[in-house]
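Colleague: Below is one structure. I have some questions about it.
Values quoted throughout were computed directly from the atomic coordinates according to the rules given, and no laboratory measurement underlies them. Quick caveat: nothing in here was measured; it's all calculated off a predicted structure. Positions of Cβ are backbone-derived with ideal geometry, glycine not excepted, and every protein chain shown enters the neighbour counts.
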């Protein structure tokens, strides 16, 4: 089997179009009854994996998601788009509320070892917590090279040529396989799952595991103190002239 | 006077699915529980809605399609890739294998975004090749369905001709068996065929001469055929310029000595009319679902406007006039949605007798949607009239829904006559049994007695099925049902067979029947919502109670008018006025200034 075995992370998050509301107890945001979908950067990661398979660079795509039962819907979409198999790591309730990037990274690292993965592709960050850590931590745990914020990906012999979007511009690197890649926005434009493929995907297998099965301790390393709305923008006031402006600025102590 | 014990049995149950009045000794009523999808079906539903909704939200551009008067080739391609052309074709033949309810849910999404694309898709699969699905032989299905499901080939339903619209059985296209018995030679032309200009596979209806089994005489009867454009002799005209659904292709189709292989006969020779009616009947449920989606989006737009626009120092939403409009729009949408899914659920349960409900759903949905778009534009004021707001396009698209797929006028007659048919067959039976007695006198006595008896009999049984909070609405429904049954019998007694010509009366009877079905549908749905304790149960109860109150008033008025002497005088007067207008060639009165 010359093709790469690819592992793709598919996180279930609140849909990007939803207006997020903070819970009254300030412990988090309202998720009950709110529309969820696959993290957009994970959709891009999955699309890249499917394109690699279409070019016969990849031979098998395994999609993974950590969370409650509803994650299986996310995985079904991944299977419809083109993943071959899916793994659902069941994490529920309190444990799920407290699930943090380090724990997820350990889970993915363990799976990568078990599945003899050659390439892990994750989204660069999730749109709910914006941590942007998981990919990097997986690389650290496994001791594999990482190519993060990828906007272009090419395989050449035993290497990957990756273009990274960084603050200074574009960076071109070469990484040995096995490796971790995290997908940035311009890596590709994901396809839509087609309706017949969604129905056909029902026959593709989803395996269920728990973090315990993988020997992973999911206990949190930091705790969230409170979640709040950004302060309401307050009305300004008009000033008659520059002197009044300076007087007002002095009054609030900024000048 | 003989005491006639006529009791009304009004039965609306899953397997009979019809409002019918029949003569039984004991009355009984069963309102089945509202349609429910199991967990797996619900999950499938969510999975399928997502890409559909995304496609219409992000990729399809309804305004552009309207301006260009076509579905752009790249959108057609995307729709093919999405799998939108074979939603109900079995998976083994390349389709998505959806049930009626799942299909309805998807077209609800489409209806909210682009009715023209909805019609292009519906004309293809809801009626275009439905005949092959329903009546096709194994060979026909395996030959045609895969390419139709993939959208590689488009289908069209070809029935209407210039001299035959509502009067479908009067079509003149002819298909004559060749001497060698291997082909039917088809000649004729069809008008206003959706997808007519682009279809490769058509379901065509034509007269075939056949020997009557009993009399031996040769008579023309309609047969249905699967005709491929590739057979040669098939041409189509340019796309018609229309008021709305402009992106949907509508064209004339001409058949000039087209050789149809005999294997392409669809169903039995001479049974084409039944095939046609079954296809139309089977596809009708999609319309109510699609329009309930359109109405939902229109209500959203209306609310967006009235909660932001300020006039006279207040947001429009506080004004009573605005509230009345919004409430009416919401009720009409709720009723339409309830009817649509009640119908699709019945069809999925294996109900074979749903033509009455399908007709009711189409009439109600199309008229309600027209009112909703009209009021939505009104609430927007001048802005509603502007192209940029995107509402005038929806109104233009909407107008055809009251006309095609069985015009509402014809369907209303069908609704009334079906209801009367049951009353009639049982009255006939009663008449036979009571030969010699003065039927009219007996029946009018009996009718009076019946209403009282029916009221007492039916209420406990409906009340048992409906949530306690809606008990008085259930009472309203049963009382109205009794009134309806009595009206049917009274009409038959007065007019006998001539009732079929009494269109003034039949129209009002059908409106009452539609309101009754609407009441039953919302009571069923709201009961389920209350029992399950869904968060919106209180609001749904309010919609239901309000609708039932207004529906009951309308029913009483309509049924009352059937017997009121003054109203009957008005009917006669209107008929006379109409005659004079036609004689005169236009409006008759002398100009006030002359």
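Colleague: With only alpha-carbon pairs counted, each pair once and no self-pairs, how large is the Kirkwood hydrodynamic radius of the range B:76-175 in angstroms?
Modeller: By the Kirkwood definition, the hydrodynamic radius is 14.5 Å.
Colleague: Please give the Cα centre distance for the range B:283-324 versus the range A:105-132, rounded to the nearest Å.
Modeller: Each part reduced to its Cα centre gives a spacing of 45 Å.
Colleague: Here's another thing I want to ask about it. If you restrict to DSSP beta bridges whose two residues both lie in the range A:56-164, what percentage is antiparallel, to the nearest 5?
Modeller: Given both bridge residues lie in the range A:56-164, the antiparallel proportion sits at roughly 50 percent.
Colleague: Treating the angle as unsigned and between 0 and 90°, give the value, to the nearest 10°, between the Cα long axis of helix A:40-54 and the longest Cα principal axis of chain A.
Modeller: 20
Colleague: OK, next. Once you have all Cα-Cα distances for the protein assembly as shown, histogram them in 10 Å bins from zero and send the whole-percent values.
Modeller: It works out to 2, 10, 17, 20, 19, 15, 9, 5, 3, 1, 0, 0, in whole percents.
Colleague: What's the FRET efficiency of residue A:27 with residue B:67 using the Cβ-Cβ distance as r and R₀ = 35 Å, to the nearest 0.05?
Modeller: Numbers: r = 50 Å, r/R0 = 1.44.
FRET efficiency, residue A:27 to residue B:67: 0.10.
Colleague: Taking neighbour counts of Cβ atoms within 10 Å as a proxy for exposure, in what order, fewest first, do A:124, A:116, B:362 appear?
Modeller: Placing the least packed residue first, the sequence is A:116, A:124, B:362.
Colleague: Here's something else I'd like to know. Give the separation of the Cα centroids, the range B:546-593 to the range B:111-149, in Å.
Modeller: So the two Cα centres are separated by 42 Å.
Colleague: Could you give me D for chain B, from Stokes-Einstein at 4 °C and 1.567 mPa s, where the hydrodynamic radius is the Kirkwood radius over C-alpha pairs? Units µm² s⁻¹, please.
Modeller: 50
Colleague: Per residue of chain A, what 222 nm ellipticity follows from adding -39500 (n - 2.57) for every DSSP H run with n ≥ 4, rounded to the nearest 500? Write out the running numbers ahead of the final one.
Modeller: Values: 7 runs with 71 residues, N = 255.
Rounded to the nearest 500, the figure is -8000 deg cm²/dmol.
Colleague: Which value at 222 nm does chain B reach when only helices count, each DSSP H run of 4 or more adding -39,500 (n - 2.57), with the total divided by all residues and rounded to the nearest 500 deg cm²/dmol?
Modeller: Calculated at 222 nm, the ellipticity per residue is -18500 deg cm²/dmol.
Colleague: Exposure proxy check: B:593, B:559 ranked by fewest other beta carbons within 10 Å?
Modeller: B:593, B:559
Colleague: Please list, in order, the residues from the range B:520-539 whose amide nitrogen is less than 15 Å from a point placed 7 Å along the Cα→Cβ vector of residue B:549.
Modeller: B:539, by backbone N distance to the label point.
Colleague: At q = 0.09, 0.17 Å⁻¹, what is the base-10 log of I(q)/I(0) for chain A according to the Debye formula with one equal point scatterer per Cα and no solvent? Please give it to two decimals.
Modeller: -0.46, -1.32
Colleague: I want the antiparallel fraction of DSSP beta bridges within the protein assembly as shown, as a percent rounded to 5.
Modeller: In the protein assembly as shown, approximately 65 percent of DSSP beta bridges are antiparallel ones.
Colleague: While we're on this one: Calculated FRET efficiency, residue A:219 and residue A:56, Cβ-Cβ r, R0 51 Å, to nearest 0.05?
Modeller: 0.75
Colleague: With each label point set 7 Å from Cα along the Cα-Cβ vector, what nm distance links residue B:42 and residue B:587?
Modeller: 5.7
Colleague: If you consider only alpha-carbon coordinates, what radius of gyration and Dmax does the range A:80-169 have, in Å?
Modeller: For the range A:80-169, the Cα radius of gyration and maximum Cα-Cα distance read 14.6, 45 Å.
Colleague: Name the most mobile residue of A:106, A:176, A:11, meaning the one with the largest mean-square fluctuation, in a Gaussian network model of chain A with Cα contacts below 10 Å.
Modeller: Checking each option, the largest mean-square fluctuation is seen for A:176.
Colleague: Which value in nm describes the separation of the simple spin-label points at residue B:324 and residue A:94, placed 7 Å from the Cα toward the beta carbon?
Modeller: The modelled label-to-label distance comes out at 5.8 nm.
Colleague: Mind telling me which of A:122, A:75, A:111 comes out most flexible in a GNM of chain A, alpha-carbon contacts under 10 Å?
Modeller: A:111
Colleague: If you average over every viewing direction, what projected area does the convex hull of the Cα atoms of the range A:109-255 give, in nm²? Let's see the in-between values first.
Modeller: Numbers: hull surface 67.7 nm².
Answer in nm², one decimal: 16.9.
Colleague: Okay, moving on. In which sequence would B:305, B:259 go, from the one with the fewest C-beta neighbours within 10 Å to the one with the most? Let's see the in-between values first.
Modeller: Numbers: B:305 21, B:259 14.
With the fewest neighbours first, B:305, B:259 line up as B:259, B:305.
Colleague: Simple spin-label model, 7 Å along Cα-to-Cβ: residue B:536 to residue B:579 in nm?
Modeller: Distance between the two pseudo-spin positions: 5.2 nm.
Colleague: Additional query: Anyone know which of A:139, A:235, A:201 comes out most mobile in the 10 Å Cα GNM of chain A?
Modeller: Judging by the Gaussian network model, the answer is A:235.
Colleague: Moving on. So, R0 is 25 Å and r is the distance between the beta-carbons of residue B:403 and residue B:172; what FRET efficiency does that work out to, to 0.05?
Modeller: According to the calculation, E is roughly 0.70.
Colleague: Report the relative contact order of chain A, percent, no decimals, based on alpha-carbon pairs under 8 angstrom and at least 6 residues apart.
Modeller: Here the relative contact order equals 23 percent.
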